[in-house]
Amino acid sequence: MAEPRGALHAADKLAFLLSLVPWLMDHERVSVAEAAAHFGVSVSEIRRAVELIAVSGVPGETTQYQHGDLFDIAWDDFEQNDVIVLTNLVAIDDSPRFSAREAAALIAGLQYLSSLPENADRAAIATLMSKLSRGASSEPSQVAVDQSETNEVLGLVGRAVEAGVQLEFDYRGTRGVAERRRVDPLRVESVDADWYLRAWDHLREAPRTFRLDRIASPALTATPIAHRADDVTLPETLFEGSPDDLVVVLDLDAAAAPLLADYGPDEPEPLPHDRVRLRLRVNRLGTLCRLVAGLPGHPEVVGPESARSAVADWARRAIERYDVDPSVDPSVAP
């Protein structure tokens, strides 16, 4: 609710009127007192503004104002009950509208944003989705964002953010070692089909990134968080290298290079035939094998020899397994 303010100047009055009409349209039926409280003005100013709206409009083809060329209100409600109801709208209804398909796509995107823990003001998102539905040229299709197995963890992260408490879980990293972690959740991000939690890790005393599908036994704690998203500077890329990482040289089609942007490689080196060379840092050869298997554009591991041998052996075992059982997808084997 806005705080009451003094008399409005001419520029403020114009801005006030331009804001008042859409607000009245959204609320359909609202009391004079409620409108005054929302805009932080007196009841008498609201009444004068509504009376001015009722004599405003756009002249028709005759260049003269006819009844249908003016805004109108339910005068009996206004004068007897102090309730504002717009009964005729001018020009505003002629503005371009989203198609039903466009509105449905936007609503699906807002549903996705609403599931992320950093977007705690879900009431505002729900209001915006309602406005999109009403403002479309026709009724949008009913849509819903597909739910995944990580939703339980996502929901728990959201509750931790809203309650301002730390989150505890078992986490098995890429090296296969499981540890109990206690974190301050900061942000949730996705890369392709995988979801990641970026958080302040109290075990490592630094920001860390956790894959949600490797989190087990998550639980809320009663301990208040010590770090919030605004307090921590997170790296631009989702993944950071470590001194123990292996530097791998990879050639692939230029069009496929953006798929590796989140892995923080160096700038691509142009090659003939629309190919590029990248230098990636990986902490395990198994990770490299799975990464290469999922890439389009005929990727080729150039070096070091240990990486070439690991990928070749991995592909050979996948082919052998596929030959034995044709139902196996070689892109996910062995």
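What follows is calculated from the coordinates using simple rules that are stated; it is not laboratory data. Everything numeric here is computed off the predicted structure, so don't read it as measured data. For neighbour counting, all protein chains shown are included, and Cβ atoms are generated from backbone atoms with ideal geometry for every residue, glycine included.
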All other residues with a Cβ under 11 Å from the Cβ of L271 taken together, and with Lys, Arg as +1 and Asp, Glu as -1, what is their net charge? -3
For the pair T233 and D194, what calculated FRET efficiency results from E = 1/(1 + (r/R0)^6), where r is the Cβ-Cβ distance and R0 = 22 Å, to the nearest 0.05? 0.40
Going residue by residue through segment 269-279, the Karplus relation 6.51 cos²θ - 1.76 cosθ + 1.60 with θ = phi - 60° gives ³J(HN,Hα) values, rounded to whole Hz and with x marking Gly or Pro, of 9, x, 10, x, 6, 6, 10, 9, 10, 10, 10
List the residues whose amide H sits under 5 Å from the amide H of S56, counting only those 5 or more places along or on another chain, with H placed 1.01 Å from N in the peptide plane. F71
Compute the label zone of A163 within segment 206-225: residues whose backbone N is under 16 Å from the point 7 Å along Cα-to-Cβ. 217-225
Plugging the Cβ-Cβ distance of A33 and A206 into 1/(1 + (r/R0)^6) at R0 = 35 Å yields, to the nearest 0.05, a FRET efficiency of 0.10
Once amide hydrogens are built 1.01 Å from N within the peptide plane, the residues lying 5 or more places from V30 or on another chain with amide H under 5 Å from its amide H are I84
Per the 1/(1 + (r/R0)^6) rule, R0 = 25 Å and r from the Cβ atoms of A222 and E179, FRET efficiency to 0.05 is 0.75
